[in-house]
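K.L.:
Okay, here's the structure, questions in a sec.
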Amino acid sequence: MTSFPPPLSGSAQDETAELRPRFDDNGLVAAIAQDAVTGEVLMLAWMNAEALEKTIETGRATYWSRSRGALWIKGETSGHTQDVVEIRVDCDQDAILLKVRQTGGACHTHRESCFYRRVEDGALSFTDKPD
């Protein structure tokens with residue numbers, strides 16, 4: 001079992017140099033994957049403490065699959081891996097930003113990014129086609 005120190009109160013959490021993730025009531029924190037070179041947002045997933053620890057230890061993006069209730073190493077079955085270049089946390093540490101080198105599409109639809117639809121006048125338009 002992995003553990004991180006508990007979050008601090010108020011501005012102390014904003015200014016601490018310690019990694020103290022603020023997990024939600026389900027033990028999860030949002031994790032955004034961003035292309036380390038282009039800056040494109042690739043996907044949003046969730047991490048529990050173990051997934052975050054494994055990501056730090058291995059340099060491979062590891063998430064918590066809410067639907068499967070299990071750890072998920074990105075690309076383990078598809079080959080579309082995410083090698084972590086840098087990990088950042090937001091001010092109160094309730095969101096993680098992974099800057100990654102993506103191999104293959106990040107989205108399960110075989111697109112480069114999961115954010116392939118744009119809202120225009122209340123309707124969706126596609127910005128990308130699957131490979």
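K.L.:
For Asp131, state whether it is modelled with pLDDT of 95 or more, farther than 27 Å from Ala12 by Cβ and not aliphatic (A, V, I, L, M).
P.N.:
no
K.L.:
Would you check which residues across the range 48-67 are touching a helix residue (DSSP H, G or I) at 6+ places or on another chain (Cβ under 7 Å), open to solvent by less than 20 Å² (accessible area, probe 1.4 Å) and in contact (Cβ under 8 Å) with a residue 24 or more places away in the chain and list them?
P.N.:
Residues satisfying the conditions are Ala61, Tyr63.
K.L.:
Name the pairs whose Cβ atoms lie under 7 Å apart, with the first residue in the range 1-26 and open to solvent by less than 80 Å² (accessible area, probe 1.4 Å), the second among the aliphatic types (A, V, I, L, M) and assigned to a loop (DSSP other than H, G, I, E, B), and 6 or more positions between them or separate chains?
P.N.:
The qualifying pairs are Phe4/Leu19; Thr16/Leu8; Arg20/Leu8.
K.L.:
For Ile96, are the conditions met, namely being of a type in the set (A, V, I, L, M) and either surrounded by 18 or more Cβ atoms within 10 Å (Cβ to Cβ) or modelled with pLDDT under 95 (or both)?
P.N.:
yes
K.L.:
Quick check on the range 68-77. Is at least one of its residues open to solvent by 60 Å² or more (accessible area, probe 1.4 Å), of a type in the set (Lys, Arg), in a loop (DSSP other than H, G, I, E, B) and closer than 23 Å to His110 by Cβ?
P.N.:
Scanning the range 68-77, I find at least one residue that is open to solvent by 60 Å² or more (accessible area, probe 1.4 Å), of a type in the set (Lys, Arg), in a loop (DSSP other than H, G, I, E, B) and closer than 23 Å to His110 by Cβ, so the answer is yes.
K.L.:
Check Ser113, Ser78 and return the single one that is in contact (Cβ under 8 Å) with a residue 60 or more places away in the chain and of a type in the set (Ser, Thr, Tyr).
P.N.:
Ser113
The values are calculated or read from the model by the stated rules, or taken from the named source; none is laboratory data. These numbers were taken from a predicted model, which means no experiment stands behind them. Because the Cβ atoms are built from the backbone with ideal geometry, glycine has one as well, and the counts that use them run over all protein chains shown. Accessible surface areas use protein heavy atoms only, side chains included; no ligands, DNA or RNA. Shrake-Rupley method; radii C 1.70, N 1.55, O 1.52, S 1.80 Å.
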